[in-house]
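Taking it in order: structure first as C-alpha cells, then the write-up.
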Amino acid sequence: MRTATMERMSPSADYRKLSFWLDTVPGTLAAANPLTGDVDVDVAIAGAGYTGLWTAYYLSRAEPGLRIAVCEREIAGFGASGRNGGWCSALFPASLGKLERMAGRDAAIAMQRAMQETVDEVAAAISAEAIDCHWAKGGTVQLARSATQLDRAAAEVAEARKFGFGSGDLKLLTAAEARDLVGAAGVLGGTYTPHCAAIHPARLVRGLAAAVRRRGVKVFERTPVTRIEPGRLVTPSGMVRARYVIRATEGYTPQLPGQRRAIVPVYSLMIATAPLPDSAWDQIGLAGRPTFGDLRHLIIYGQRTDDGRFAFGGRGAPYHLGSAIRPSFDRAPAVFAALRRTLAELFPALADVQVTHAWGGPIGVPRDWCASVGLDRSTGVGWAGGYVGDGVATTNLAGRTLADLVLGNDSSITRLPWVGHRSPRWEAEPLRWLGVNAGLQVMSWADRQEARTGRPARTADFVGRYLGD
C-alpha cells in the first residue's frame, strides 16, 4: 500500500507561486531562522499557520516571559493559511443539530455564539497589531438558484430560529434582496449573515508571524517536524524540548507518525481574475465586499478582492490514495476549467475574463467533520484542527483556547463542546480513497440531477451522513 507522502519545496523555491495571496503579499517570503540545534522552551508548536501563530500570539500576550518556539516545514503561511478563500466567518464545520446531539442544546448555542464573537476578536487583534489584511466585514450571501436550493435556504434559517438565532444572525432573502447584493444569474433568493469578513489571508498570516516575533516568539522556518512526542518536537536539525508541545499541522497531519488516519487532506482549488473595471462591478454588485457562495452540494466560494478581482474557488479535486500531498496536486486543470465555467454561469459577463492565478492546497477533514482542540495534561501534548476549510476564524478560537488550557485558565471557551473532542479515525486504504472520492462524485452528480429535475437528490443526503454531516 502506498504511504502518505509530501514533497518538500527546494530551498530556492518561489513561494509566491503558491497562490494569488502569497504572490501579492508585501515583503520577502524568504525562509528565516531555521533551527540549528537543540533548544529548550516552555511551549513548542509544530506548524506556523494560523493555528500555531494564534496560539503563540495569545500565550505571549498573556505571559510575556514565556519561552515559545514555532517550527515550520517551509515558511509561515505556506499551507492553507496562505491559500484559502479569505473568509473570516462564524462557520463551524459541525452543524448546530450535530453539536446538540453531541453535547446538548446549550453547548451548541454557546459554540455558535463563540464563533460569532471570534470574528470580531480577529478584527480587534489585527487592529492592535496594525495588520493590513484588507479587512471588510460585509457578511456572507448564500445564493439559491433553484427551487431545491431555496428550500435548503429556508431550512437553514428555520434551524437557526430553532436555536434562538434571529434575523440579525441569519435571514432569508427574497430574489430582489439577493440580487441587490450579488448580481448573479438565475437568483431566486438566498440567505445573509453579517458574521463574516473578507480578508487577504496571506497578509494576515504573514502579519501575524511578524507580530509574534516582535513579542519574542522564535519562529523556525525550513524546520520540518518529523515526530511529536511528550516533551519534545523532533526535527532533522535538532530537538525542541518543552513542557507543552502543540500539533497545529491541519491538512499535513497525516505526514506525522501515528496520524495517518487522523484526518484526510482534501484539496480545494481557486482562481483569481485580473482586476475588473468599475462598470463590471456595477453589474455584479458585491459592494461592501460580502463573501458569497450558493447552496449547491459541491461547495463554491468567492469574494471581491480589495484590488477589484474575483477570487473564486471550490471543491471537486480528488483525494489521493494514502493521504498523499504533492505540489503537483495543487493544480488540477479540469477543476480550474470547471471553476471558470461556474463563474461564467453565475456572471455571464465574465465568460472571457482573464484568469491570472490558479492554485490549490489541502484542507484537513476529520472523519466526523467536527473540528477539535485539546490538551492532554498528563503528556503536555495539545492539538487543534479539522476545520474542513472553515479555519480562518476557528483557528483564532483554537489559539485562545490552547492558551487558556496551557496556562490552566478555566474559561467559557475551554468549556465549549469541541474542547477535548476526539474524532474517530478514517478507514484504512483503499476504503478511505474509495469512500471520499465516491462522496465527491455523488455530490457533483446530485447538483446536476437537481438542476435537471428540480427535485432534491436524496443520494447526497446519504453521502453527507457517511461523511459525518
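Go through (1) part of a strand (DSSP E or B); (2) under 23 Å from the mean Cα position of the chain (by Cα) and name the single condition Val225 misses.
(1)
State yes or no: is Trp426 among the aromatic types (Phe, Trp, Tyr), assigned to a loop (DSSP other than H, G, I, E, B) and in contact with a Lys or Arg (Cβ under 8 Å, 6 or more places away or on another chain)?
yes
What are the residues in segment 199-222 that are charged (D, E, K, R), closer than 10 Å to Ala76 by Cα and in a helix (DSSP H, G or I), if any?
Residue satisfying the conditions is Arg206 alone.
Inspect all residues belonging to segment 30-49 and state whether any of them is under 19 Å from the mean Cα position of the chain (by Cα), buried (at least 16 other Cβ atoms within 10 Å of the Cβ) and not aliphatic (A, V, I, L, M).
Yes, some residue in segment 30-49 is under 19 Å from the mean Cα position of the chain (by Cα), buried (at least 16 other Cβ atoms within 10 Å of the Cβ) and not aliphatic (A, V, I, L, M).
Could you tell me whether segment 257-279 includes any residue that is outside any loop (DSSP other than H, G, I, E, B) and without any contact (Cβ under 8 Å) to a residue 40 or more places away in the chain?
Within segment 257-279, one or more residues are outside any loop (DSSP other than H, G, I, E, B) and without any contact (Cβ under 8 Å) to a residue 40 or more places away in the chain.
Answer yes if at least one residue in segment 83-95 is among the basic types (Lys, Arg), within 27 Å of Gly313 (Cα to Cα) and assigned to a helix (DSSP H, G or I), and no otherwise.
Checked segment 83-95: no residue is among the basic types (Lys, Arg), within 27 Å of Gly313 (Cα to Cα) and assigned to a helix (DSSP H, G or I).
If I ask for residues that are under 16 Å from Arg415 (Cβ atoms) and within 20 Å of the chain's Cα centre (by Cα), which ones from segment 100-136 would you list?
Result: Met111, Gln112, Arg113, Ala114, Met115, Glu117, Thr118.
Of the numbered conditions (1) out of contact with any helix residue (DSSP H, G or I) (no Cβ under 8 Å at 6 or more places or on another chain); (2) touching a residue at least 24 places away in the same chain (Cβ under 8 Å); (3) more than 22 Å from Ile45 (Cβ to Cβ), Gly380 fails exactly one; give the number of that condition.
That leaves (3) as the condition not met.
Within the set of pairs 6 or more residues apart or between chains, which connect a residue that is in contact (Cβ under 8 Å) with a residue 12 or more places away in the chain and in a helix (DSSP H, G or I) inside segment 312-340 to a residue that is buried (at least 16 other Cβ atoms within 10 Å of the Cβ) and among the hydroxyl-bearing types (Ser, Thr, Tyr) with Cβ atoms less than 6 Å apart?
Going by the 6 Å Cβ cut-off, the qualifying pairs are Phe329/Tyr267.
What residue, among those in segment 306-325 that are surrounded by fewer than 18 Cβ atoms within 10 Å (Cβ to Cβ) and modelled with pLDDT of 95 or more, is nearest to Met443 (Cα to Cα)?
Once the filter is applied, the top-ranked residue is Gly308.
Out of everything in segment 260-283 that is within 15 Å of Ile363 (Cα to Cα) and in contact with a Ser or Thr (Cβ under 7 Å, 6 or more places away or on another chain), what residue ends up being surrounded by the fewest Cβ atoms within 10 Å (Cβ to Cβ)?
Arg260
Would you say Gly380 is farther than 30 Å from Gln283 by Cβ, surrounded by fewer than 22 Cβ atoms within 10 Å (Cβ to Cβ) and more than 13 Å from the chain's Cα centre (by Cα)?
Yes: the conditions hold for Gly380.
Per-residue answers, yes or no, for (1) in contact with a Lys or Arg (Cβ under 6 Å, 6 or more places away or on another chain); (2) under 18 Å from Pro201 (Cβ atoms):
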{"residue": "Val234", "(1), (2)": "yes, no"}
{"residue": "Ser237", "(1), (2)": "no, no"}
{"residue": "Ile246", "(1), (2)": "no, no"}
{"residue": "Pro254", "(1), (2)": "yes, no"}
{"residue": "Ser268", "(1), (2)": "yes, yes"}
{"residue": "Ile300", "(1), (2)": "no, yes"}
{"residue": "Leu321", "(1), (2)": "yes, no"}
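The values are calculated or read from the model by the stated rules, or taken from the named source; none is laboratory data. This is a predicted model, so every value here is computed, not measured. Ideal geometry is used to build each Cβ from the backbone, glycine not excepted, and the neighbour counts take in all protein chains shown.
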